[in-house]
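Working notes for the structure below.
The values are calculated or read from the model by the stated rules, or taken from the named source; none is laboratory data. Computed from a prediction, not measured in an experiment: that's the story for all the values here. Here the Cβ positions follow ideal geometry from the backbone for every residue, glycine too, while neighbour counts run over all protein chains shown.
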Amino acid sequence: MVRVHPIVFLVDVDNTLLDNDSVQQDLRDHIERSYGADARDRYWKILEDLFSELGYRDYLGALQRFRVEHPLEVELLSMSAFLIDYPFAGRLYPSALKVLRRLKGSGQTVILSDGDVVFQPRKVERAGLSAAVDGRVLIYIHKEEALDDVERRFPAEHYVLIDDKPRILAAVKRIWRDRVTAVWVRQGSYARDAQTAGDLPPADVAIERIGDLLKFDLPRLRPMPPVSQSKLEPAR
């Protein structure tokens, strides 16, 4: 029989647990130093085009397309090493791992991310996030479209989704409604986009940084079930 957990925490990676904006800047700087500003701009244009096409940033796929345009520049191969061997653990937000440990003490905790099939799992592993949640890692192309699979793998009475992207929080809230508490972590470029955030319904809870959950009253993230009328009646 499948165990249904009282609560499952679903925690995003990029700009929620890990400062992905800084990772991107490091990659921009590396490309410019190694190959020049034109190469940097062209690679980033391919990356953004792929993002529009796929819905997630495919760093290795963009590198492959970039190489097709420059088939004789074998020096480009070093870019893959920069991506694969990047020290992601050094880009975790302060207290990110402590937060995961605290969440695990209150309910099953799962990494829930979007991304490609190679680079994103590598990022999660090298950052120490996979080990922090005992290998419970889900990576989809569009996680808000995979909620049935999330439920199948981690059935719960209630979910808590912790994410920096208002669009994702709103999409999941529309589907799961009162079965999910949407926690908006206001970090990173998506959270700072006031126009995008303003066009969407507010999250249930908003915090400034992931470390705020260390002192947050976690039971507040799971609404109490309504008390039936019979329980309100005095005993006779």
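Out of L17, L50, L83, report the one residue that is free of Cβ contacts under 8 Å to residues at least 40 places away in the same chain and surrounded by 15 or more Cβ atoms within 10 Å (Cβ to Cβ).
Testing whether each residue is free of Cβ contacts under 8 Å to residues at least 40 places away in the same chain and surrounded by 15 or more Cβ atoms within 10 Å (Cβ to Cβ) leaves just L50.
Scan region 202-213 and report the pairs whose first residue is part of a loop (DSSP other than H, G, I, E, B) and whose second residue is among the charged types (D, E, K, R) and crowded, with 16+ Cβ neighbours inside 10 Å, with Cβ atoms within less than 8 Å and a gap of 6+ or a chain change.
A203/K173; D204/K173; E208/R186; R209/R186
Among the residues of region 135-158, is there at least one that is in contact with a helix residue (DSSP H, G or I) (Cβ under 7 Å, 6 or more places away or on another chain), farther than 21 Å from L213 by Cα, charged (D, E, K, R) and not assigned by TED's automatic domain parsing to the domain that holds P202?
Taking every residue of region 135-158 in turn, none turns out to be in contact with a helix residue (DSSP H, G or I) (Cβ under 7 Å, 6 or more places away or on another chain), farther than 21 Å from L213 by Cα, charged (D, E, K, R) and not assigned by TED's automatic domain parsing to the domain that holds P202.
I'm checking my understanding of the structure. Among residues of region 102-126 that are among the hydrophobic types (A, V, I, L, M, F, W, C) and over 13 Å from the mean Cα position of the chain (by Cα), which one is surrounded by the fewest Cβ atoms within 10 Å (Cβ to Cβ)? Reasoning before the result, please.
Our first condition is that a residue be among the hydrophobic types (A, V, I, L, M, F, W, C); within region 102-126, this holds for 103, 110-112, 117-119, 124.
Those left that are additionally over 13 Å from the mean Cα position of the chain (by Cα): 103, 117-119.
On the way: L103: 23, V117: 10, V118: 14, F119: 20.
This residue is V117.
In region 166-214, what residues are surrounded by fewer than 16 Cβ atoms within 10 Å (Cβ to Cβ), among the aliphatic types (A, V, I, L, M) and modelled with pLDDT of 95 or more?
Result: I175, L214.
Mind telling me which of the residues D134, D163 ends up being surrounded by 21 or more Cβ atoms within 10 Å (Cβ to Cβ) and under 28 Å from L60 (Cα atoms)?
Of D134, D163, the one residue that is surrounded by 21 or more Cβ atoms within 10 Å (Cβ to Cβ) and under 28 Å from L60 (Cα atoms) is D163.
Residues in region 80-93 that are part of a helix (DSSP H, G or I) and over 19 Å from G115 (Cα atoms): how many?
Matching residues across region 80-93 total 1.
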